[in-house]
């Protein structure tokens, strides 16, 4: 018998309408999450009064603009909310607090600026707020300038044409974002057999809450091969619009040069928002090679994966992925095998896909894609490909042990996480630019696939 991780109440081994045990969505259903598990959280703690209302709902509200555009089915209707952030103007030290709503950037708080040469007072606010705010501006102009009647008022309700770097609130100080990611990481770890004692420091049972201690770290592609993959991913990855979870442990050298083992969960939402959650910085459990979960968000993307055309070696991999044996296709022609496997795949994998195999397809696509032929930048990256993704390239021994967790330096693997932490302190703008690039890629992807 297991216990609820939030309150400690014993949970039954089965689930029905009378049990405290229930099926918990590890990735919230409002975000299109399909992964569910039982035996980790009781019904009461998962409801609105606790994690459902205090963590899941505000976390999902951050992504409402995205989920609305993707037409993700939700349990209940929600009002459109804005993404608050900052606009760092290029060529200026000015930083504007902004809100992104319905694809329009506007000032989070109304303000006005006066151009005395043009005799214009510019009101920066969304149209609804500006209607009332302009009366305040008129009164202040009247108080400050004898010739106030010479001044006109113009409303600037959109900042879309302003050049600058946008920083959205997906950062280390956003408690709602941190709690949502930490909850997902905790539940994924528990579902994979990690014990409660390993993550109990992140649980406040007295207040039935998730604790965050700056344990959320943004991902940044330190390895050049990963940087190249992210730059072209929307054009070569049929599973780009997806969520993924990766649980792994790794050894690091601490500041006092003592070796410690740490437990992390990498989380990617919408193929865009990429973060590590540090679950334990002194992990003493069994080594965990990447335990993965990956799912598409939009069902119609299933058709992008075609089995017909694969060689027999790849067909054998698909056969294994589907839980089949050679005897299941014995005596069938190539065409018959492809039809059978495609039907089983489509039925079984409306959303789920293999994280490691998808990474391999991305690497293979990059190598084979004509746009990289003769690309000197890419050719210089190829030398890092084998140690990063292959134990033995001749034997096609592909792996993801280093993918989004380590990089090779002078023949040895190093964790990317301390490097990212240092980069965040010394050159945060670099991470901000990457975050902005990923968000714009998502925006373009959604716009280009609306009619799909």
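At-a-glance table
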{"read-out": "Residues of segment 152-196 satisfying the condition of being in a loop (DSSP other than H, G, I, E, B), over 24 Å from residue 289 (Cβ atoms), at pLDDT 75 or above and more than 16 Å from the chain's Cα centre (by Cα)", "value": "157, 158, 159"}
{"read-out": "Given (1) more than 25 Å from the chain's Cα centre (by Cα); (2) over 19 Å from residue 228 (Cβ atoms); (3) at pLDDT below 85; (4) not in a helix (DSSP H, G or I), index of the condition residue 331 fails", "value": "(3)"}
{"read-out": "Verdict on residue 433 being surrounded by fewer than 17 Cβ atoms within 10 Å (Cβ to Cβ), touching a residue at least 24 places away in the same chain (Cβ under 8 Å) and under 21 Å from residue 266 (Cβ atoms)", "value": "yes"}
{"read-out": "Total residues in segment 268-287, condition outside any strand (DSSP E or B) and under 22 Å from residue 229 (Cα atoms)", "value": "3"}
{"read-out": "All positions within segment 119-129 that are surrounded by 17 or more Cβ atoms within 10 Å (Cβ to Cβ) and touching a helix residue (DSSP H, G or I) at 6+ places or on another chain (Cβ under 9 Å)", "value": "121, 123, 124, 125"}
{"read-out": "Residue in segment 58-66 that is within 22 Å of the chain's Cα centre (by Cα), in the same structural domain as residue 14 (by TED's automatic domain parsing) and at pLDDT below 75 present", "value": "yes"}
{"read-out": "Residue within segment 388-409 that is over 14 Å from residue 250 (Cβ atoms) and assigned to a helix (DSSP H, G or I) present", "value": "yes"}
{"read-out": "Of the criteria (1) farther than 25 Å from residue 245 by Cβ; (2) assigned to a loop (DSSP other than H, G, I, E, B); (3) at pLDDT 85 or above, which one residue 450 fails", "value": "(3)"}
{"read-out": "Criterion violated by residue 35 - all others in (1) surrounded by fewer than 17 Cβ atoms within 10 Å (Cβ to Cβ); (2) in contact (Cβ under 8 Å) with a residue 24 or more places away in the chain; (3) within 18 Å of residue 186 (Cα to Cα) satisfied", "value": "(1)"}
{"read-out": "Positions within segment 106-151 being in contact (Cβ under 8 Å) with a residue 24 or more places away in the chain, under 35 Å from the mean Cα position of the chain (by Cα) and part of a loop (DSSP other than H, G, I, E, B), in sequence order", "value": "108, 125, 126"}
{"read-out": "Matching residues in segment 39-69 - criterion: being without any contact (Cβ under 8 Å) to a residue 24 or more places away in the chain and in a loop (DSSP other than H, G, I, E, B)", "value": "47, 48, 49"}
{"read-out": "Counted residues, segment 206-255 - those being surrounded by fewer than 16 Cβ atoms within 10 Å (Cβ to Cβ), in a loop (DSSP other than H, G, I, E, B) and in contact (Cβ under 8 Å) with a residue 40 or more places away in the chain", "value": "1"}
{"read-out": "Single residue of 217, 225 found to be modelled with pLDDT of 95 or more and closer than 29 Å to residue 433 by Cα", "value": "217"}
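Okay, residues lined up against (1) more than 24 Å from residue 309 (Cα to Cα); (2) surrounded by 13 or more Cβ atoms within 10 Å (Cβ to Cβ); (3) assigned by TED's automatic domain parsing to the domain that holds residue 268; (4) at pLDDT 85 or above:
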| residue | (1), (2), (3), (4) |
| --- | --- |
| 340 | no, yes, no, yes |
| 346 | no, yes, no, no |
| 387 | yes, yes, yes, yes |
| 411 | yes, no, yes, no |
| 423 | yes, yes, yes, yes |
| 426 | yes, no, yes, yes |
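The values are calculated or read from the model by the stated rules, or taken from the named source; none is laboratory data. Keep in mind that what you see is a predicted model, and the values were worked out from it rather than measured. Methodologically, a virtual Cβ is constructed for each residue, glycine included, from the backbone with ideal geometry; neighbour enumeration extends over all protein chains shown.
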